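All remarks here apply to the structure that follows.
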């Protein structure tokens, strides 16, 4: 019998949630979008500027580095919020507490920081938030139990992973960000849990049915698969290297990571065994490609893998209760880790050079996901400044 792994995991601790396909455009237009980051005139994506509007839009926040944190209020799900934190001062600058759905558990933010897309797990919807007004401007119905949102590089499409439930297989809803409407639903298997978009915009990778699948975003078809050799395993987390040549799929049941060569869709090397008690969940690769962080909710820590040697470091980094997601700063110097059952300090700031937690921050009830954004000068290249 099929069970909804995700719905049980949201409360008990395993994190399977965590900045693109597209009947939105014609095939020719889609090809043009793949070749260029510049959006079509019909798209209100993140790169809108003088070339489209005749004048540059004012920045949504003062120049600086920010953390957008979704507080799920796990497991109740009623006192949820979006908090925007100034990373230089560790202070909250904006809060959105009205209009979100129940159990929001994932966020994606436009590169400019102007708009956020938040998956509401218990409401089968995505909330669209305007940063300037700190208000929800639209609610988009999607599939059952949405668990992740990913944005295309041009900001024109949001991909929402719907894990489904006992009676529904789930899938990936494709939202046109110009209209805030679902234009397509991709079928990727039963109970998909996570998706990663390739840097070239042509492909996406998802974990579903204990399998890693590659999706051609121009056709929406699955064009490659890698089955977990552990038939009793459960692939839940997924991370892609910055160049897109390697995918890391997390087997929560075995407490290990599979490395996949995305060019050949084959396993490379043996499984990477993780330290800690287990219930490995989400993963993230540092922007410099050197580190892979994997959350382990059973032991409330983060495992660290050196990608060059494909081995896990013997020790782990202790964070808050039920770590759920990881986001690295652009210089790879720090990692922000959300812990959904650890109030009032559920956001841990980790120094990646020392593997030490430098700060534990209070962002609200049950922080579940975090996205890091640089606003103002250098925001296009996501420049980074060190923490004071």
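Nothing in this text is a laboratory measurement; each read-out follows from the coordinates by a stated rule. Predicted, not measured: the structure shown is a model, and the values here were computed from it. Please note: Cβ atoms are built from the backbone with ideal geometry, for glycine as well, and neighbour counts cover all protein chains shown.
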Modelled label-to-label distance, residue 216 and residue 133, 7 Å Cα→beta-carbon offset: nm? 4.2 nm
Each label point is 7 Å from the Cα along the Cα-to-Cβ direction; what then is the distance between the points at residue 309 and residue 331, in nm? 2.6 nm
Applying the gyration tensor rule to the Cα atoms of the stretch 153-207 (axes a ≥ b ≥ c; rounded if a/c under 1.5, else prolate if a/b exceeds b/c, else oblate), the class is oblate
Any idea how far the Cα center of the stretch 174-192 sits from the one of the stretch 215-236, in Å? 18 Å
Which order do 358, 296, 144, 65 fall in if you start with the one that has the fewest other Cβ atoms within 10 Å? 358, 144, 65, 296
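What is the gain in length, in nm to one decimal, between residue 231 and residue 93 on full extension, counting 0.36 nm per residue of separation less the C-alpha to C-alpha distance? Don't skip to the answer; put the middle values down first.
On the way: separation 138, 0.36 × 138 = 49.68 nm, distance 4.71 nm.
Full-extension gain reported as 45.0 nm.
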Can you pull the one-decimal nm distance between simple spin-label points at residue 168 and residue 360, each 7 Å off the Cα toward Cβ? 3.8 nm
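Work out how much length residue 63 to residue 268 would gain on full extension: take 0.36 nm times their residue separation and subtract the Cα-Cα distance, in nm to one decimal. Walk me through the numbers on the way to the answer.
Working: separation 205, 0.36 × 205 = 73.80 nm, distance 4.20 nm.
Working it through step by step, the gained length comes to 69.6 nm.
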So what is the relative contact order of the stretch 178-277, in percent, for Cα pairs below 8 Å that sit 6 or more residues apart? 17 percent
